[in-house]
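Okay, so here's the structure we're looking at.
What follows draws every value from the coordinates through simple rules; no lab data is involved. Source: prediction; values computed, not measured. Note that we place each Cβ from the backbone using ideal geometry, even for glycine, and neighbour counts take in every protein chain shown.
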Amino acid sequence: MTDTPMTDLVRTGALETTVLEAAAGDVHAAGIPGIFAEVRVRDDVWRGAAGVADLVTRAPVTPGMRHRVGSISKTFVAAAVLQLVERRAVDLDAPIRRYLPNLVPGGRGDAITVRMLLNHTSGLADYLPTAYPSLAAFPVVADTSPRSLDDNRFTRFDPLDLIEMGVRASTAVAPGTSPGRYSNTNYLLLCQLIELITGISAEQHIDDALIARAGLADTGFPSGPEVDGPHSRLYESWFGMNPPLSDYSVFDMSWVGPAASLISTTADLNRFFAALLAGDILGPDMLTQMQQTVPVVSFEGTIVDYGLGLHRKEVPGQGTFWGHDGSVWGGGAITMTRADGRRQMTVAINRQRWNELDASGRPTPHPIDGALDAFHRVAFGAQASKWNVEPPR
């Protein structure tokens, strides 16, 4: 077995593969056990990987591995809801109480719209610190611990219980307040909305309406705590509180349900987002709605431009990209597609929350931060002078 980068170039010309290979190797050398990615520039495709999928056996990561992609699932949920809006089965600006009166009762149910759930401006708190007691102090990370992660590895959560935790949690944020606050509670509610309207599970509807339609052969929701098919182990650091790295690759994903449990590959994600932005999933009017952004505070405390299940990112010299990122215990991924569809990047890694805390309890910089940012910049084509590619129009 080897830790050296591997690459698969489908067609040469627009991609400088040595730069991508070196950048992936740097991410591995900085402390990520394994990284794998697919970068597309029109018809040119680079699939590469560096590092290991298993710290014990040293088996290498490979570009086509299946991976838990976390909240990238939210784009699928949002697209499914917007398809129902196109069918006039759901009103985007209707109060959620019209559909789910028992889940969001009273005045908040009247004030929170379907759109607010999609763009995280509902004001509803995230249920996670309640479901995982050792995370109750979050975002004060120093007062948390990963103990609940181990305790709940095989816990089967009921989504209605999780929603109730989020709805009951105290929050000072009124519906419609800007900036919004990212919350998994919003998307579990949207999954319940899908089930109410379609009469089948959200997983089944998303599989039928999106995954099968887009031809995503390696994408689906888990049927148990394990990932089927070739995949990497997932290593969680929890801000230096998990030495050695804890392996959470076997984990019951009911703690996020369809809102963040999707399993996919870098190739399938690029295929889906290309279809979405090309108008093959939603009509032009609904895609325009999806791309209307508001500022939203992420779990990390940063502000992101968030639409209806989509992030917007401006890349110097390359224009506007749309996509989403995701994190589960031990695994992370990001997928971004340029607005004109001519450039795509999807990256997966098998370690999370690597930043240790300083004396004041704040996360400290880590070499992974710079190495991963450098890889993203190369994949985005931000170093434009090194790329034989047309500028965005």
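For the stretch 299-379, just list the percent of Cα-Cα distances falling in each 5 Å bin from zero outward, please.
3, 12, 20, 25, 19, 12, 6, 2, 0, 0
Could you estimate the translational diffusion coefficient of the stretch 192-283 from the Stokes-Einstein equation, with Rh from the Kirkwood formula over C-alpha pairs, at 20 °C and 1.002 mPa s, in whole µm²/s?
142 µm²/s
Among 370-382, 212-224, 64-76, what's the highest-first ranking by average C-beta atoms within 10 angstrom per residue?
Values: 370-382: 20.0, 212-224: 16.2, 64-76: 26.0.
Sorting 370-382, 212-224, 64-76 by mean packing, highest first, produces 64-76, 370-382, 212-224.
So if I place +1 on the C-beta of Lys and Arg and -1 on the C-beta of Asp and Glu, and nothing else carries charge, what would the dipole magnitude of the chain be about its Cα centre? I want it in debye, nearest 20. Mind showing how you got there, number by number?
Working: 33 positive and 43 negative charges, 130 e Å.
The dipole magnitude comes to about 620 debye.
Let's test this: bin the Cα-Cα distances of the stretch 136-294 at 5 Å from zero up to the farthest pair and state each bin's percent.
That works out to 1, 7, 12, 16, 20, 17, 14, 10, 3, 0, in percent per bin.
Among ARG342, ARG156, ARG312, which one moves the most in a GNM of the chain with springs linking Cα atoms closer than 10 Å?
ARG156
Could you state the number of Å between the C-alpha centres of the stretch 116-138 and the stretch 21-89?
If we compute the Cα centre of each part, the gap is 25 Å.
What net charge do the residues around ILE206 carry, taking every other residue with its C-beta under 14 Å from that of ILE206, with Lys and Arg at +1 and Asp and Glu at -1? Intermediate values should be presented prior to the final figure.
Values: positive: LYS74, ARG213; negative: GLU195, GLU203, ASP207, ASP208, ASP268.
Here the count lands on -3.
Per residue of the chain, what 222 nm ellipticity follows from adding -39500 (n - 2.57) for every DSSP H run with n ≥ 4, rounded to the nearest 500? If you can, show how the numbers build up before the last one.
On the way: 12 runs with 111 residues, N = 393.
Helix contribution divided over all residues of the chain: -8000 deg cm²/dmol.
For the chain, give the share of DSSP beta bridges that are antiparallel, in percent and rounded to the nearest 5; count only bridges with both residues there. It would help to have the intermediate numbers written out before the result.
Working: 52 of 57 bridges.
If I count the DSSP bridges inside the chain, around 90 percent turn out antiparallel.
Take the Cα atoms of the stretch 235-393, build their convex hull, and give its volume per residue in Å³.
Values: hull volume 22.4 nm³, N = 159.
Considering the Cα atoms of the stretch 235-393, their hull volume per residue is 141 Å³.
What does the charge dipole of the stretch 116-224 about its Cα centre add up to, to the nearest 20 debye, if the Cβ of each Lys and Arg holds +1 and the Cβ of each Asp and Glu holds -1?
On the way: 6 positive and 12 negative charges, 54 e Å.
Computed about the Cα centre, the dipole is about 260 debye.
Report the gain in length on full extension from GLU164 to ALA278: 0.36 nm times residue separation, minus Cα-Cα distance, nm rounded to one decimal.
Gain on stretching GLU164 to ALA278: 37.3 nm.
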